[in-house]
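Enquirer: Encoded as structure tokens, here's the structure I'll be asking about.
The values are calculated or read from the model by the stated rules, or taken from the named source; none is laboratory data. Because the structure is predicted, anything quoted here is derived from the model rather than measured. Here Cβ is always computed from backbone atoms with ideal geometry, including for glycine, and neighbour counts include all displayed protein chains. With ligands, DNA and RNA removed, areas are computed over all heavy atoms of the protein, side chains included. Shrake-Rupley method; radii C 1.70, N 1.55, O 1.52, S 1.80 Å.
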Amino acid sequence: MGFTTPLRYVWAAPNSALALVAFAALAPFGARARVVDGAIEVRGKVVGWLLARTPLAGGTLAMTLGHVVFAETEAAHACTRRHERIHVRQYGRWGPFFLPAYGASSLAAWASGRDPYRDNRFEREAYAVK
């Protein structure tokens, strides 16, 4: 889909809205946000605490929902920025279908005996960025 940048924001808006609701719930616990390279980066100790409890072994350093990226610290954002911006672009392409497609890719990997995270097509694309 050859959407221009503004349309990518609209297309990804349902997922971004979900992330902004999460941010609003976390803000009273010290979560902060700022815009970096066209995405909203949310950080804070409570964010880190939640990311450490994701289903991945050991948690995750960052996570993207729409055009919103969650990480505990600015250092974590800096370390994961290139990878997470690939996910931002994926949301721009897939819009409201990204989360179901991501889940289906993980399920297909798991069903064929592969790693549901590392062998997820969206993660492979993001990890391929140097």
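Enquirer: Do you know which residues across the stretch 35-54 are among the charged types (D, E, K, R) and open to solvent by less than 10 Å² (accessible area, probe 1.4 Å)?
Expert: Quick first cut of the stretch 35-54, residues among the charged types (D, E, K, R) only: 37, 41, 43, 45, 53.
The one that is among the charged types (D, E, K, R) and open to solvent by less than 10 Å² (accessible area, probe 1.4 Å): E41.
Enquirer: Now, a different point. Inside the stretch 96-116, can you point out the residues that are surrounded by 15 or more Cβ atoms within 10 Å (Cβ to Cβ), in contact with a helix residue (DSSP H, G or I) (Cβ under 7 Å, 6 or more places away or on another chain) and farther than 25 Å from R8 by Cα?
Expert: Across the stretch 96-116, the qualifying residue is only P116.
Enquirer: I'd like to check which helices (runs of 4 or more DSSP H) are fully inside the stretch 44-130 and have at least 3 residues that are in contact (Cβ under 8 Å) with a residue 60 or more places away in the chain. So that I can check it myself, show each step before the final result.
Expert: Numbers: elements: 45-51, 74-94, 98-111, 121-127.
Of the helices (runs of 4 or more DSSP H) lying wholly inside the stretch 44-130, those with at least 3 residues that are in contact (Cβ under 8 Å) with a residue 60 or more places away in the chain span 74-94.
To keep it simple, each residue is scored yes or no on (1) over 23 Å from S16 (Cα atoms); (2) touching a strand residue (DSSP E or B) at 6+ places or on another chain (Cβ under 9 Å); (3) not acidic (D, E).
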{"position": "R81", "(1), (2), (3)": "no, yes, yes"}
{"position": "G92", "(1), (2), (3)": "no, no, yes"}
{"position": "W110", "(1), (2), (3)": "yes, no, yes"}
{"position": "G113", "(1), (2), (3)": "yes, no, yes"}
{"position": "R118", "(1), (2), (3)": "yes, no, yes"}
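Enquirer: Of the conditions (1) surrounded by fewer than 20 Cβ atoms within 10 Å (Cβ to Cβ); (2) on the phi < 0 side of the Ramachandran plot; (3) among the charged types (D, E, K, R), E84 satisfies every one except a single condition; which number is it?
Expert: Unmet for E84, out of (1) surrounded by fewer than 20 Cβ atoms within 10 Å (Cβ to Cβ); (2) on the phi < 0 side of the Ramachandran plot; (3) among the charged types (D, E, K, R): (1).
Enquirer: Are any residues in the stretch 17-35 under 14 Å from the mean Cα position of the chain (by Cα) and either closer than 15 Å to H77 by Cβ or basic (K, R) (or both), and if so, which ones? Before the answer, list the steps.
Expert: Initially, the stretch 17-35 is screened for residues under 14 Å from the mean Cα position of the chain (by Cα), giving 17-20, 22-23.
Of everything in the stretch 17-35, those that are under 14 Å from the mean Cα position of the chain (by Cα) and either closer than 15 Å to H77 by Cβ or basic (K, R) (or both) turn out to be A19, F23.
Enquirer: Considering only residues that are at pLDDT 95 or above and open to solvent by 70 Å² or more (accessible area, probe 1.4 Å), which ones fall in the stretch 56-74?
Expert: Of everything in the stretch 56-74, those that are at pLDDT 95 or above and open to solvent by 70 Å² or more (accessible area, probe 1.4 Å) turn out to be L61, M63, E72.
Enquirer: Could you go through the stretch 20-42 and let me know if any residue there is within 27 Å of P6 (Cα to Cα), among the acidic types (D, E), outside any helix (DSSP H, G or I) and out of contact with any strand residue (DSSP E or B) (no Cβ under 9 Å at 6 or more places or on another chain).
Expert: Within the stretch 20-42, one or more residues are within 27 Å of P6 (Cα to Cα), among the acidic types (D, E), outside any helix (DSSP H, G or I) and out of contact with any strand residue (DSSP E or B) (no Cβ under 9 Å at 6 or more places or on another chain).
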